[in-house]
Amino acid sequence: MAGDGIGPEVVAQAVKVLRHVLPQAETEEAPVGLAGIETRGVPLPDETLALAKRADAILFGAVGGPDEASLPREQRPGTGLLKLRKELTLFANFRPAFMFPELIGASTLKPEIVDGLDLVILRELNGDIYFGEPRGIETGPSGERYGINTMRYTESEVERIAHAAFQAARRRRGKVCSVDKANVLETMQLWREVMTRVGREYPDVELSHLFIDAAAMTLMRAPKQFDVIVTGNMFGDILSDAAAMLTGSIGMLPSASLGLDRKGLYEPVHGSAPDIAGQDIANPLAAILSFAMLLRESLGLEDKAQEVESAVRSVLAGGYRTADIYQPGTHRVGTEEMGDAVVQALQARRAA
Ligand code: IPM
Ligand code: MG
């Protein structure tokens, strides 16, 4: 599901890589976002949802156009993605932020702050103010309009994301930081209580808590202290963009949205970037790295996932850079060329 803006360009590069490492894979394409609205009148056409339900894994580009914020919710491209996440119960959104040594100069933070950075934001994806009812824009008795959204989490929703966080920490450095706003919001008070309770089942994992404002600050001040950050849908949306920028470019970072079985949706953290669409300048590495996550998580092909990740590392080491990560002295390439470079690096590895 390539979607909109730069989505089709970057997904095309990931598909090139797919054809190379998994020539036997069966693939199908389906419209979503603006592409869904244009072909079927809705951001998530029924055929697209049915296909997503049948698939083992979904490789997703991005959705969204230049001025969607004023459209009614049913016609907003992003609504298609939200519905897909909800309908497939993809509640655990892993957004890793790690530093490629070659790109350290591309970060807006000082090198010593981000050198060796390796954290993952685990964002809950099926609840919170994104889906809570009541919601809407209403008119009050005086004729003045008001907007309303509801922050809402059930205990079981918090429990399942808590388990996902502690299990992820066990595979990493054994630390979970739960981010909430328990000092102001009851929903978040419940969040913290449940996190603490589930945490007792994982005595080998270190659990800490931060309020969202302090977490945002710490992410800028000393991000290396984090291992797994687990948080709700809204806070996770915001923190994950900030975390991505620590690494120099949001164009580098993949994500995985997982549910109760192995099926997952894999998408670059960057959006549709309509301003640079169609110019062959977008960075396809986030999409390619998302495909590596797909190989690992949904297909259980760890070796192949690592092959793709090392191919990406070797093109960076070889000096290839798209515009977003370009620095003088490196070799500036377009979207297509970057995709080709990754395929060549895979070929070279095979031959060696
Ligand atoms: C994201 C995006 C989406 C979100 C939009 C496109 C609905 O910002 O995946 O982070 O808010 O979840
Ligand atoms: Mg976002």
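The values are calculated or read from the model by the stated rules, or taken from the named source; none is laboratory data. The structure displayed is predicted, hence computed values, not measured ones. Every residue, glycine as well, gets a Cβ built from its backbone with ideal geometry; the counts of neighbours run over all protein chains shown. Quick note on the areas: whole protein, heavy atoms, side chains included, nothing else; ligands and nucleic acids left out. Shrake-Rupley method; radii C 1.70, N 1.55, O 1.52, S 1.80 Å.
Would you be able to tell me the number of residues in the range 47-79 that are free of Cβ contacts under 8 Å to residues at least 60 places away in the same chain and either within 16 Å of ligand 2 (Cβ to nearest atom) or farther than 30 Å from Leu301 by Cβ (or both)? Residues in the range 47-79 being free of Cβ contacts under 8 Å to residues at least 60 places away in the same chain and either within 16 Å of ligand 2 (Cβ to nearest atom) or farther than 30 Å from Leu301 by Cβ (or both): 12 in total. Just one of the listed residues (Ile229, Ile238) is under 30 Å from Arg321 (Cα atoms), within 16 Å of ligand 2 (Cβ to nearest atom) and in a strand (DSSP E or B), namely Ile229. Tallying residues that are touching a Phe, Trp or Tyr at 6+ places or on another chain (Cβ under 9 Å) and either within 11 Å of Gly232 (Cβ to Cβ) or in a loop (DSSP other than H, G, I, E, B) (or both) within the range 122-139 yields 8. For the range 185-201, residues that are in a helix (DSSP H, G or I) and out of contact with any strand residue (DSSP E or B) (no Cβ under 6 Å at 6 or more places or on another chain) total 9. For first residues located in the range 261-274 and within 25 Å of Arg160 (Cβ to Cβ), partners that are near ligand 1 (Cβ under 8 Å from one of its atoms) and lie 6+ apart or on another chain with Cβ distances below 6 Å form the pairs Glu267/Ser255; Val269/Ser255.
Scan the range 7-48 for residues that are assigned to a loop (DSSP other than H, G, I, E, B) and more than 15 Å from Gly78 (Cα to Cα) and jot them down.
Start the filter on the range 7-48 by keeping residues that are assigned to a loop (DSSP other than H, G, I, E, B), which leaves 22-33, 41-45.
The answer is Leu22, Pro23, Gln24, Ala25, Glu26, Thr27, Glu28, Glu29, Ala30.
For first residues located in the range 202-215 and in a helix (DSSP H, G or I), partners that are at pLDDT 95 or above and open to solvent by 90 Å² or more (accessible area, probe 1.4 Å) and lie 6+ apart or on another chain with Cβ distances below 7 Å do not occur. Can we say Thr89 is of a type in the set (S, T, N, Q), open to solvent by 10 Å² or more (accessible area, probe 1.4 Å), part of a loop (DSSP other than H, G, I, E, B) and touching a residue at least 60 places away in the same chain (Cβ under 8 Å)? Yes. Picking from residues in the range 225-236 that are more than 14 Å from Ala97 (Cβ to Cβ) and open to solvent by 10 Å² or more (accessible area, probe 1.4 Å), the one that is nearest to ligand 1 (Cβ to nearest atom) is Met234. Residues that are assigned to a strand (DSSP E or B) and either modelled with pLDDT under 95 or closer than 24 Å to Leu59 by Cβ (or both) are absent from the range 101-117. Tell me, which residue of the range 144-172 that is closer than 15 Å to Ile129 by Cβ and either charged (D, E, K, R) or in contact (Cβ under 8 Å) with a residue 60 or more places away in the chain (or both) is least open to solvent (accessible area, probe 1.4 Å)? Ranking the qualifying residues of the range 144-172, first place goes to Tyr153.
Mind checking whether some residue in the range 262-285 is within 20 Å of Leu119 (Cβ to Cβ), in contact with a Lys or Arg (Cβ under 9 Å, 6 or more places away or on another chain) and at pLDDT 95 or above? Looking through the range 262-285, none of the residues is within 20 Å of Leu119 (Cβ to Cβ), in contact with a Lys or Arg (Cβ under 9 Å, 6 or more places away or on another chain) and at pLDDT 95 or above.
Residues that are surrounded by 19 or more Cβ atoms within 10 Å (Cβ to Cβ) and farther than 20 Å from Ala273 by Cβ were ranked within the range 56-82; the one that is farthest from ligand 1 (Cβ to nearest atom) is Ala57.
Suppose the filter is of a type in the set (S, T, N, Q) and within 16 Å of ligand 1 (Cβ to nearest atom); does Asn149 pass it?
Values: of a type in the set (S, T, N, Q): yes; within 16 Å of ligand 1 (Cβ to nearest atom): yes.
Against the criterion (of a type in the set (S, T, N, Q) and within 16 Å of ligand 1 (Cβ to nearest atom)), Asn149 qualifies.
Taking the condition of a type in the set (Phe, Trp, Tyr), more than 16 Å from ligand 1 (Cβ to nearest atom) and in contact (Cβ under 8 Å) with a residue 12 or more places away in the chain, does Phe94 pass?
No, not satisfied.
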